[in-house]
Amino acid sequence: MARYHFYRRIKGMVIPFTCLVLSACASLPNELSVPDGATVIQDYQTFAALHGTQAPYVRLGGVIADIKNLPQRTRLEMVNLPIGSDGKPDIRQEPHGRFIVYVNRFLDPVTYAKGRLLTVLGSAIAPEKSQVGEYRAEFPVLSASAYHLWRVTERIVIHEPDSFLRDCDHWRCRESFGSKTGKVIPEVK
């Protein structure tokens, strides 16, 4: 009988554990992948140091700071955020600079709005002078061959103090046992 309960408990934990492992193994979106063995620059400082010299594959991500539709292409000004192996910009990190991206098609400014997260795959081209407020600077430029727009979701975690010590779990009892604390956890998907 004890063996039956043991196997039943193990069986009940296998499915949630498998789901957890599979969800943690997030992979790079197909559009951002490169041929096997190809070198990809994912570091902003390395990309900026190229000064427009040809680099076959550059993959960077960040926050859209500005979008401008030109006659034949779209110009995006990005604030760089480091990206992980899954291509997602890490919103917990500080930005490392700005770069400009040219996409050879129309991108709707409502969909690709300021503040959205984007990862771009492309090649380095000649740097460009641009202005942020009154500040003028030269920014590295990327010609995009592929890109992926991310969304930020928020998960709320609520902690109830000493909830395991109470005899009563009814909604009326909860009001008399102190306050709850919680936090909002943003996730990139």
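The values are calculated or read from the model by the stated rules, or taken from the named source; none is laboratory data. Predicted model, so just to flag it, every value in this text is computed and none were measured. Every residue, glycine among them, receives a Cβ derived from its backbone with ideal geometry; neighbour counts consider all protein chains shown. The protein model used for the area step is the full one, side chains on, heavy atoms only, and it has no ligands, DNA or RNA in it. Shrake-Rupley method; radii C 1.70, N 1.55, O 1.52, S 1.80 Å.
Annotations
- Out of 104, 80, sole residue that is within 15 Å of residue 42 (Cβ to Cβ) and either buried (at least 18 other Cβ atoms within 10 Å of the Cβ) or at pLDDT 95 or above (or both): 80
- Of the residues making up segment 98-109, none is closer than 22 Å to residue 189 by Cβ, of a type in the set (Val, Ile, Thr), part of a strand (DSSP E or B) and free of Cβ contacts under 8 Å to residues at least 40 places away in the same chain.
- Matching residues in segment 51-78 - criterion: being assigned to a loop (DSSP other than H, G, I, E, B) and touching a Pro at 6+ places or on another chain (Cβ under 7 Å): 51, 52
- All positions within segment 30-40 that are touching a strand residue (DSSP E or B) at 6+ places or on another chain (Cβ under 6 Å) and surrounded by fewer than 18 Cβ atoms within 10 Å (Cβ to Cβ): 31, 40
- Subset of segment 126-177 (residues that are assigned to a strand (DSSP E or B), open to solvent by 100 Å² or more (accessible area, probe 1.4 Å) and modelled with pLDDT of 90 or more): 129, 135, 136, 138
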